[in-house]
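See below for the structure under consideration.
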Amino acid sequence: MKLEFDHKKATQAINFFAQKEGGQIDKLKVIKLIWLADRYHLRKYGRPIVNDSYYAMKLGPVGSAVKDLSGFNVCDAVEEKYLKEYLNSDKTNRINSIKKIDDEVFSDTDLEALENIYKEYGEYQASQLVNISHEFPEWKKFEKILDSKSNTREAMSYSDFFGNPTGDIKVKNIFTETEEELENPKQVFVENYKLASFWL
């Protein structure tokens, strides 16, 4: 059971990273940065930021709703109006920030996660982030299926985000918490999703 996707947070997360890049960001890069920010926040505070549905795909973990937002492929009129108030795009696979970020939609810990992820991973190009993402356990578990091309995507579980990369990642890796350090966030995560299932 997942919590409800927060389109305002997702739009502002895209906007946040676009502004960090000088007002324009590659669509694939922002999808990867938001995945990393969700991963960071989940492991530290027991919940993701935008509550997206993640899939393992050839290019790594992909948030389904964030992918739609970044491609301006939005069916909901309210979401589309909000999106276009802050962002626009052209045919170059880049997203442009057109309005200052509304950081009121975020908690202090959300902003901490976004800031830290850009600090650690903002220097990388989209293709490098794809390679980095292939070293994480939530994608690795589907690598053989995706390589076989029997499926183009596989649904991912947030519980797998608590795993640490095990191979030689060859890049900066900030996801090195011990099992003891992850114990409390895991418990918070389980309680959050029990509560969500009660109300849905």
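No value in this document is a laboratory result; all are computed from the given coordinates. Just so it is clear, the model here is predicted, and its values are computed rather than measured. Note that each Cβ is placed from the backbone with ideal geometry, even for glycine, and that neighbours are counted across all protein chains shown.
Shape call for the range 35-87 from the C-alpha gyration tensor, a ≥ b ≥ c root eigenvalues: rounded (a/c under 1.5), prolate (a/b greater than b/c) or oblate? Oblate shape, in that a/c is at least 1.5 and b/c is the bigger or equal ratio. Rounded, prolate or oblate: which fits the range 119-162 when a ≥ b ≥ c are the square roots of the eigenvalues of the alpha-carbon gyration tensor, with rounded for a/c under 1.5 and prolate only if a/b beats b/c? Oblate shape, in that a/c is at least 1.5 and b/c is the bigger or equal ratio.
With neighbours defined as other Cβ atoms within 10 Å of a residue's Cβ, the residues Phe16, Phe5, Phe189 order from fewest to most as Phe5, Phe189, Phe16. Computed on the chain, with alpha-carbon pairs under 8 angstrom and 6+ residues apart, the relative contact order is 31 percent.
Placing pseudo-labels 7 Å out from each Cα toward the beta carbon at Glu4 and Gln125 gives an inter-label distance of 4.1 nm.
The fewest-to-most ranking of Arg47, Arg39, Arg153 by surrounding Cβ atoms within 10 Å reads Arg153, Arg47, Arg39. The length gained by stretching the chain between Lys149 and Asn173 to full extension, at 0.36 nm per residue less their Cα-Cα distance, is 5.8 nm. Step through the table entries Lys91/Lys140; Lys8/Lys141; Lys44/Lys84; Lys27/Lys149; Lys99/Lys119, compare each Cα-Cα distance with 28 Å, and write down the pairs that go over it. Too far apart for the 28 Å limit: Lys91/Lys140; Lys8/Lys141; Lys44/Lys84. The modelled label-to-label distance for the pair Asn184/Gln24, using points 7 Å beyond Cα in the direction of Cβ, is 4.4 nm. Taken over the range 1-67, the ratio of Cα radius of gyration to 2.2 N^0.38 Å equals 1.06. Considering all different alpha carbon pairs of the chain, the Kirkwood hydrodynamic radius works out to 17.2 Å. Could you quote the convex hull projected area for the range 14-122, Cα atoms only and averaged over all directions, in nm²? If you wrap the Cα atoms of the range 14-122 in a convex hull and average its projections, you get 6.8 nm².
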